[in-house]
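The values are calculated or read from the model by the stated rules, or taken from the named source; none is laboratory data. Keep in mind it's a predicted model, so treat the numbers as computed, not measured. No Cβ is skipped: glycine too gets one built from the backbone with ideal geometry, and neighbour counts run over all protein chains shown. These area figures cover heavy atoms from the full protein model, side chains too; ligands, DNA and RNA do not enter into them. Shrake-Rupley method; radii C 1.70, N 1.55, O 1.52, S 1.80 Å.
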Amino acid sequence: MDSYPSQTQIELFEAILSLKNKDEAVKFFRDLLTLPELNEFANRWQIVKLLIQSKPYSVISEKLKVSNATITRVAQWLKNGMGGYQILAIRQFPKKQ
């Protein structure tokens, strides 16, 4: 199995880090990905958001039209992944007191 991250993946991450604003990100990701790929990534991020809000899987599935298997996979990465979801979720979706 190849090691993660590969050199080409690192170069992609460095390119992403060089984006200066949302407009550049919109343009870059639209050129990089197909609309279905963008929608899939956006849905995964919405799943994270709803999981952070403690929404039930049934609500997430109905709202986003995704399977419980997809929600479970995202939940697993959120809980036991490399911490990437956690880092951004803390920044983007702070828990309200």
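From the residues in segment 73-97 that are under 15 Å from Gln53 (Cα atoms) and polar (S, T, N, Q), which one is most open to solvent (accessible area, probe 1.4 Å)? So that I can check it myself, show each step before the final result.
Looking only at segment 73-97, we keep the residues that are under 15 Å from Gln53 (Cα atoms), and these are 74-75, 78-79, 85-86, 88-97.
The next check asks that each one be polar (S, T, N, Q); those that pass are 86, 92, 97.
Working: Gln86: 70, Gln92: 115, Gln97: 217 Å².
So the residue we want is Gln97.
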Give segment 62-76 a look and list any residue that's under 16 Å from the mean Cα position of the chain (by Cα) and within 23 Å of Pro94 (Cα to Cα), or say none.
Leu64, Ile71, Thr72, Arg73, Val74, Ala75, Gln76
Among (1) free of Cβ contacts under 8 Å to residues at least 12 places away in the same chain; (2) within 23 Å of Tyr4 (Cα to Cα); (3) touching a Lys or Arg at 6+ places or on another chain (Cβ under 9 Å), which single condition is Gly84 missing?
(3)
For segment 11-42, the count of residues that are surrounded by fewer than 11 Cβ atoms within 10 Å (Cβ to Cβ) and of a type in the set (Val, Ile, Thr) equals 1
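What are the residues in segment 1-10 that are loosely packed, with under 10 Cβ neighbours inside 10 Å and either part of a loop (DSSP other than H, G, I, E, B) or of a type in the set (Gly, Ala, Ser) (or both), if any?
Once the filter is applied, which keeps residues that are loosely packed, with under 10 Cβ neighbours inside 10 Å and either part of a loop (DSSP other than H, G, I, E, B) or of a type in the set (Gly, Ala, Ser) (or both), segment 1-10 yields Met1, Asp2, Ser3, Tyr4.
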What number of residues within segment 77-91 satisfy the criterion of being among the small types (Gly, Ala, Ser) and under 10 Å from the mean Cα position of the chain (by Cα)?
2
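I need the full set of residues from segment 33-63 which are touching a residue at least 40 places away in the same chain (Cβ under 8 Å) and among the basic types (Lys, Arg), in order please. Don't jump to the end; show me each part of the working.
In the first step, residues of segment 33-63 are kept if they are touching a residue at least 40 places away in the same chain (Cβ under 8 Å); the result is 48-49, 52-53.
Matches in segment 33-63: Lys49 only.
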Pull out all pairs, ordered by first then second residue, where Cβ-Cβ is under 9 Å, the residues are six or more apart or on different chains, the first lies in segment 8-32 and is farther than 17 Å from Ala42 by Cβ, and the second is acidic (Asp, Glu).
Ser18/Glu24
